Amino acid sequence: MSDNKQDQKTETPEGERTITVVAQPADTNPSGDIFGGWILAQMDVAGGVAASRCAQGRTVTIGVKEMEFHRPVRVGDLVSCYTQVLKVGRTSMSIKIETWTTNHYNPTPLQKVTEGVFTYVAIDENRKPRPVNQ
């Protein structure tokens, strides 16, 4: 039987590192950990970058599913979002996003803190769905 913590120590990020930011004190919840909504926003930024690259143009977020938080993020952690295009439809894309951290001041091994699948739609200049340029 495997121990989940042990599995996470040997795991490595999937996809391309798309953004990296430092978690700041202003991003905390009342308990002093980084607010989950802030992490979700960083993931959406990273997913939007990956989707816009895939679509070769503007995209919008239309859904988030399979979201899972594994561990807290602390002030000062270096937060990196890795993206991987899972599926491309006629106008939409499903992007898997993993969030990994390391201590900014005293580098530690990467730890997966969050993952989810986001869906984006390519849009035209009138904000209407358009085919994804593949």
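The numbers here are math on the coordinates, done by the rules we state, and not lab data. Model, not experiment: these values are computed from the prediction. For neighbour counting, all protein chains shown are included, and Cβ atoms are generated from backbone atoms with ideal geometry for every residue, glycine included.
Peptide packing: for 113-125, 95-107, 40-52, 23-35, the average count of neighbouring Cβ atoms within 10 Å per residue gives the ranking 40-52, 113-125, 95-107, 23-35, highest mean first.
In the chain, one over the average inverse separation of all distinct C-alpha pairs is 15.6 Å, which is the Kirkwood hydrodynamic radius.
Between the range 79-101 and the range 120-134, the C-alpha centres lie 17 angstrom from each other.
Compute the helix-to-body angle for 36-55: its Cα long axis versus the longest principal axis of the chain, expressed 0 to 90° and rounded to tens. Roughly 40 degrees, rounded to the nearest 10. A simple rule links phi to the HN-Hα coupling: the Karplus curve 6.51 cos²θ - 1.76 cosθ + 1.60 with θ = phi - 60°, which for the range 69-80 gives 9, 9, 7, x, 10, 10, 4, x, 5, 8, 9, 10 Hz, with x for Gly and Pro.
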